[in-house]
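Okay, so here's the structure we're looking at.
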Amino acid sequence: MFAFDLLIADTHFQDAGLFSFLNPNKLDNVRKAAKKWEGKIRSVNLLGDIFDKPSPSHTLVAEVAEAISAFGDVEINIVAGNHDPIGRKNHALESFVSGVRHGGSNKVRLITGAEPVFDHEKKYVLCAWTKDELPKAPSPDWVFLGHVQVADWCFGKGISLEALQGLGYKMILTGDYHHSLFGKGIISVGTFG
């Protein structure tokens, strides 16, 4: 059976604010994708900035967890972005992970620290929010998934495209820029809401 890995980045779910009116549409799109590709998805990879603010409401966290849970018992990798509430007491990502597990996925991995996670089976390196420190590819057939500040896209802050290319990955897929960009084996998969 054909199976693929789904990438979602920069959803910026929020309780109130300029783009909060888009939450129902974004949640509905996630549910539609889960239904459409049922049984065909090997993993769901959330590449940072799931929530827009450090302290989203319990209701919003539960709604987003329920939508992601619609994918069923597939591997779910949650990569922390710069907007995600890491290192805070009772932070939302831990509640989000619990909600996704409660919804039916027992294969949930939360990547929050500076240390990347090497998935040898899929040949993926998963890395949380970083500005300029990235690991080199173990070999040229590996793919990088993360939330990276790219200097060429972010007013000179972060790692350059040239430095990213020099890491030796087959492809780099990253959130943070909020727009889809393609070029030189580096793809921004931002789905800014």
Checklist entry - If amide H atoms are built 1.01 Å from N in the plane of the peptide, which residues on other chains or at least 5 residues away come under 5 Å of the amide H of residue 75? => result 44
Checklist outcome for this item: Excluding residues fewer than 8 positions from residue 136 in its own chain, the aspartates and glutamates with Cα under 19 Å of it are 115, 119, 121, 162
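In the structure displayed, which of 26/170; 40/170; 123/170; 40/107; 40/122 lie more than 18 Å apart, Cα to Cα? Walk me through the numbers on the way to the answer.
Numbers: 26/170 30 Å; 40/170 23 Å; 123/170 10 Å; 40/107 16 Å; 40/122 16 Å.
Flagged as over cut-off: 26/170; 40/170.
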Next on the checklist: 5 Å is the cut-off here: which amide hydrogens, built 1.01 Å from N in the peptide plane, fall below it relative to residue 105, excluding neighbours closer than 5 in sequence?
Outcome noted: none
Item to check | Diffusion coefficient, µm² s⁻¹, Stokes-Einstein with Kirkwood Rh over alpha-carbon pairs of the stretch 6-72 at 25 °C and 0.890 mPa s | outcome: 199 µm²/s
Next on the checklist: Give me the percent of accessible area attributable to carbon and sulfur for the stretch 112-169, probe 1.4 angstrom.
Outcome noted: 51 percent
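For residue 49, what is the net charge nearby, where nearby means another residue's Cβ is under 10 Å from its Cβ and Lys, Arg count +1, Asp, Glu -1?
With Lys, Arg at +1 and Asp, Glu at -1, the neighbours total -4.
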Checklist entry - Which residues' amide hydrogens lie under 5 Å from the amide hydrogen of residue 41, considering only partners 5 or more residues apart or on another chain, with H built in the peptide plane? => result 4
Item to check | Under Karplus coefficients 6.51, -1.76 and 1.60, residue-wise ³J(HN,Hα) of the stretch 4-11 in Hz, glycine/proline x | outcome: 9, 9, 8, 10, 9, 9, 6, 6
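The values are calculated or read from the model by the stated rules, or taken from the named source; none is laboratory data. Computed from a predicted structure; not experimentally measured. Please note: Cβ atoms are built from the backbone with ideal geometry, for glycine as well, and neighbour counts cover all protein chains shown. Areas reflect the complete protein model, heavy atoms only, side chains present, ligands, DNA and RNA absent. Shrake-Rupley method; radii C 1.70, N 1.55, O 1.52, S 1.80 Å.
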